[in-house]
Amino acid sequence: MAPTIPGLSLPKPLKFLQGRHKSSSSSSRVTTSTLTTSKWSPQHLTAANLAAIHGGEDKPVEKHPKDIPDTSPEDLVKALSYLVEHSADEDVSHGIESYTINLLEIPGLRKLIPGLERLAAKYHIGNFVVVRETGERIFETMPIYARIGMHLLFYGDLEIKLLENKTVKEILKEQSVKQGKIYDSPESVKSILSFIKTYNIDIEELEEPDISKYGCFNDFFYRKLKSDARPVQNLEDPLSACCLADCRLAVYPTVDMAKEFWIKSRLFTLPHLLDVPLSPRSSSLNMRFNGGSLAIFRLAPADYHRFHCPVDAIIEGITWIGYPENEKGGEEKNETQWTAGGPLAQGTYYTVNPQAINQDLPVLESNVRSILYLRFPETIPSDSTQDPKPHPHAGRSIAIVAIGALLVGSIVWTEGGQEKGTLVRRGEELGYFKYGGSTVVVVWERDCMKFDDDLVKNSIEAEPIETLVRVGESLGRLGDR
């Protein structure tokens, strides 16, 4: 029996936006279809309403989102500030969880960004994802704040001064810090019920289903789940790897493939991501990961925001990139700082929406981030009493890069805050994000990881698409050496 929450009624079957895969160019268009609500329902609710508002017509997805027409950067900054200031309202659809469908209900916001309404009448604003279990392609609409962030991102590197003589980078950081403080405040608890309703969150799987026990919105945002809510697949195979988050996933056997199909920033390299010297000969870390593979786990606001260990491995240490000393998260008294050897750049707070990653914009390698380094043990961890077997990748490394984003308050390591040498098992919690969707990139050494075929196939199609996965689902297997 599901826990009872005053004022909460479970939604009826809803209309989702759904795209069928076709070999023709029409695969980028959206049509409506009725589905039953399932675990994949966050942004689809408002996407359906969006189609209804504009007649449900077959219209294209906005492919290259840049300028919002007839809207100044200054007004966009004011609109972003408006959304942040209203993020703790009882109705979350009037704040950060606003989508284009909500513009008609928010006159104060609508007058600041009139061009967005016209843009939404012409295009569906968002992206397709594929449900792993069924192969079904569904559409996720983009929150207004992320679309504003997309527009402002094109001004970021120009260092143009906007409101109060601040650059875009300064404004995005300021709003991100402000958002974190709002959602850490006791007043923000009144948003929790609306958030649950908006995103159809299954409270039955929560470790604490009584929402009155949460002291602020962020407490609920990085909520814990029951221990059996995300079982780890293939536990009998000690070399298998599991997905570390509830998210949208893209995987690439090489960095070159990632840059060909997904990450379009010309500046993106593993040394830039890890903040190490570019020359493989001048950096042991760079040499170690040169030619490696990577998995990109993108979390949306409605997702469970704790991330877990994908393999059995030993903690080597943590490094922070782009964070002032007083803004580092985690249990600092237990942290093992492992300096990567590169300069500590001033990190940015750009949106990590796929449309931004798919543009020539320095997002993943510029945003604030923290890296947990792991290494494989000498022998395969086992609960049996038999003699341990040598690990085929003993001593090789993994980098788990937690990346902040627009309106993400902070990155916190939990298991990752333990002392160097701690063995972490598959599925064990590593850390969490405070408010906002964000991304974890996992980097493997060359020829270490073989990703599951279905994940690779989706990631390298003519129009690459992310796969919806959950913590514990199969990611692939460590290769034999």
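Since every read-out is calculated from the coordinates, none of them should be taken as a lab result. Bear in mind that the values here come from a model prediction, so they are computed numbers and not experimental data. Note that we place each Cβ from the backbone using ideal geometry, even for glycine, and neighbour counts take in every protein chain shown.
The table below lists the values:
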quantity	calculated
Extended-chain gain in nm, criterion 0.36 nm per residue less alpha-carbon gap, E236 and T422	64.8 nm
Virtual spin-label span in nm between E105 and D480, 7 Å along Cα→Cβ	5.8 nm
Neighbourhood net charge (11 Å Cβ-Cβ; Lys/Arg +1, Asp/Glu -1) for T141	-1
Residue order, fewest to most surrounding Cβ atoms within 10 angstrom, among S72, S98	S72, S98
Segment D360-E117, length gained on full extension (0.36 nm per residue, minus Cα span)	84.9 nm
Extension reserve of the S382-K178 stretch, reckoned as 0.36 nm per residue once the Cα distance is removed	68.9 nm
Cβ-based exposure ranking for H272, H86, in which fewest neighbours within 10 Å come first	H272, H86
Rg/Rh (Cα only; Kirkwood hydrodynamic radius) as it applies to segment 240-478	0.93
Convex hull volume per residue for segment 387-453, taking Cα atoms only, in Å³	140 Å³
From phi via Karplus (6.51, -1.76, 1.60), per-residue ³J(HN,Hα) for segment 314-322 in Hz, x at Gly/Pro	10, 5, 9, x, 10, 10, 10, 10, x
Under Karplus coefficients 6.51, -1.76 and 1.60, residue-wise ³J(HN,Hα) of segment 431-436 in Hz, glycine/proline x	x, 7, 9, 7, 3, x
Integer Hz, Karplus 6.51/-1.76/1.60 couplings in order for segment 301-311, x for Gly and Pro	x, 7, 6, 4, 9, 9, 10, 10, 7, x, 9
Sorted by Cβ neighbour density within 10 Å, fewest at the top, the residues D312, D383, D184	D383, D184, D312
Virtual spin-label span in nm between E208 and E74, 7 Å along Cα→Cβ	4.5 nm
D67 paired with M287, simple spin-label distance in nm, labels 7 Å along Cα-to-beta-carbon	5.0 nm
